[in-house]
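See below for the structure under consideration.
The values are calculated or read from the model by the stated rules, or taken from the named source; none is laboratory data. Here the structure is a predicted model, which means the values were calculated and not measured. Quick reminder, even Gly has a Cβ in these numbers, built from the backbone with ideal geometry, and neighbours come from all protein chains shown. When the accessible area is computed, the model is the full protein with side chains, heavy atoms only, and any ligands, DNA or RNA have been set aside. Shrake-Rupley method; radii C 1.70, N 1.55, O 1.52, S 1.80 Å.
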Amino acid sequence: MSSSYGGTSAFDRLRARLDGRDHACEECGFVDEEGSWEAVTTGATVEYRRECPSCGTERVQTYRL
């Protein structure tokens, strides 16, 4: 099954959706067009993290499973 966001797993599709959002840093305004979200899971939650290459601010999206 495919989706307009690509990827074969739900995690891939969610990462693609996050990558499609605005990439401007909320702190410094830097626009990162090349970065991607990194996923970490504990089994009960999934955290997607993205760090601004300009100021180092980390953006986190957490989802409970």
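The table below lists the values:
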quantity: Under the Karplus curve 6.51 cos²θ - 1.76 cosθ + 1.60, θ = phi - 60°, whole-Hz ³J(HN,Hα) for the range 54-65, x wherever Gly or Pro sits; calculated: 8, 10, x, 5, 9, 9, 10, 10, 10, 10, 8, 8
quantity: Using θ = phi - 60° and Karplus 6.51 cos²θ - 1.76 cosθ + 1.60, couplings along the range 11-22 (whole Hz; Gly, Pro as x); calculated: 5, 4, 5, 5, 4, 5, 5, 5, 5, x, 7, 4
quantity: Extension gain from D12 to V60, taking 0.36 nm per residue of separation minus the Cα-Cα distance; calculated: 15.6 nm
quantity: Solvent-accessible area per residue for the chain (1.4 angstrom probe, square angstrom); calculated: 72
quantity: 222 nm mean residue ellipticity, helices alone, for the chain (DSSP H n ≥ 4; -39,500 (n - 2.57); rounded to 500); calculated: -4500 deg cm²/dmol
quantity: T45-E33 pseudo-label distance in nm [points 7 Å out on the Cα-to-Cβ vector]; calculated: 3.4
quantity: Charge dipole (the chain, unit charges on Cβ, about Cα centre) - positive-most of F11, Q61, H23; calculated: F11
